[in-house]
Amino acid sequence: MIVLFTDFGLEGPYVGQMKAVLQRDAPSIPVIDLFHDVPAHEVSSGAYLLRALAGEFDRSTVFLCVVDPGVGSEERLPVVVLADGQWFVGPGNGLFGPLAKEATAARCWEITWRPERLSATFHGRDLFAPVAARLAIGEPPPGQERNLAIAIIESWPAELAQIIYIDRFGNGVTGTRARTIDPSALLEVNGHRLERARIYSDVSPGQAFWYANANGLVEIAVNRGRADEKLGLKVGLEVAWRLP
């Protein structure tokens with residue numbers, strides 16, 4: 001399958017235009033809309049979300065990923081990354097770094113192929129979608145193999161202690177995997193200290209807490225309320241941990 005992961009949102013033509021290219025070039029391959037509201041332009045948010053989500057998919061899955069504020073510039077190269085049997089197509093701006101660094105085996109190619117039409121600002125449709133389609137039907141990466149370093153930002157930490165996503169319920173997802181945190185630890189955010197709970201109903205209505213979400217990340221929530229409003233959460237806000 002081909003899995004889409006972008007910051008495009010569902011408004012406008014962008015997702016549809018990419019899917020039209022995939023249908024044209026790989027008509028027998030199913031396309032899954034995994035995530036289209038990655039925080040706009042937030043590459044690091046996308047990187048840690050992608051790491052958390054990719055493991056649910058089989059080997060040979062092709063991820064078409066576009067969180068690309070530097071599109072059309074020389075700030076990043078267009079790349080294909082193969083990490084533990086999964087393919088990732090998109091900008092080499094760090095988006096694939098956290099998962100590639102932890103993969104048992106990872107390789108990287110710079111995409112050197114160019115289509116007849118290449119928009120300066122929509123590589124998702126014109127460059128990345130055709131490449132993803134080729135990979136999905138079994139063709140090799142259309143480019144030159146390079147050192148994995150071109151797709152990684154070494155300074156990024158293994159766990160990102162920040163809010164990286166706020167969902168429609170107002171919950172704040174962090175870039176920290178819950179298995180790395182002592183369950184007894186208190187989470188500090190914006191002047192608040194929160195205890196861990198296993199499920200929402202373990203705390204009273206209106207009470208804030210942190211928990212391990214279904215994708216393994218630390219998430220901040222309010223039982224029957226909105227954590228973003230109650231705690232002033234926003235993307236990029238740092239969190240910290242204290243043992244009681």
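For the chain, the antiparallel share of DSSP beta bridges with both residues in that region comes to about 75%.
If you take every residue apart from Ile32 with its C-beta less than 13 Å away from the C-beta of Ile32, what net charge results, scoring Lys and Arg +1 and Asp and Glu -1? Residues close to Ile32 contribute a combined charge of -2. Ligands, DNA and RNA are left out, and with a 1.4 angstrom probe the accessible area of the chain is 47 Å² per residue. Split the accessible area of the chain by element, probe 1.4 Å, and carbon with sulfur accounts for 49%. A cut-off under 14 angstrom between Cβ atoms defines the neighbours of Leu10, and their net charge, with Lys, Arg +1 and Asp, Glu -1, is -2. With N the number of residues in segment 152-194, Rg(Cα) / (2.2 N^0.38 Å) evaluates to 1.32.
Panel note: the C-alpha atoms of segment 71-200, placed on their principal axes, show extents of 55, 31, 28 Å (largest first).
Hydrodynamic analysis of segment 1-154 uses the Kirkwood radius over alpha carbon pairs. Inserted into Stokes-Einstein at 4 °C and 1.567 mPa s, it gives a translational diffusion coefficient of 86 µm²/s. The HN-Hα couplings worked out from phi for segment 187-200 by the Karplus form 6.51 cos²θ - 1.76 cosθ + 1.60 (θ = phi - 60°) are 9, 9, 8, 6, x, 10, 10, 10, 8, 7, 10, 7, 9, 4 Hz, whole numbers, x standing for Gly and Pro.
When Phe169, Phe128 are compared by accessible surface with a 1.4 Å probe, the order from highest to lowest is Phe169, Phe128.
The listed peptides 152-161, 215-224, ordered by packing as a protection proxy, come out as 215-224, 152-161 (highest mean of other Cβ atoms within 10 Å first). Between Ser119, Gly46, Phe169, whose Cα lies farthest towards the positive end of the dipole of the chain when Lys and Arg beta carbons carry +1 and Asp and Glu beta carbons carry -1, centred on the Cα centre? About the Cα centre, the residue reaching furthest to the positive side is Phe169. Taking amide H positions as modeled 1.01 Å from N, with prolines and chain starts lacking one, the residues under 5 Å from Gln207 and 5 or more places away or on another chain are Asn223. Taking Glu116, Glu188, Glu11 in turn, the Gaussian network model of the chain (Cα-Cα springs below 10 Å) assigns the largest fluctuation to Glu116.
Near the amide H of Gly143, within less than 5 Å, lie the amide hydrogens of Thr112, all on another chain or at least 5 residues away, with H placed in the peptide plane.
The values are calculated or read from the model by the stated rules, or taken from the named source; none is laboratory data. Since we're looking at a predicted model, the values are computed, not measured. Positions of Cβ are backbone-derived with ideal geometry, glycine not excepted, and every protein chain shown enters the neighbour counts. The protein model used for the area step is the full one, side chains on, heavy atoms only, and it has no ligands, DNA or RNA in it. Shrake-Rupley method; radii C 1.70, N 1.55, O 1.52, S 1.80 Å.
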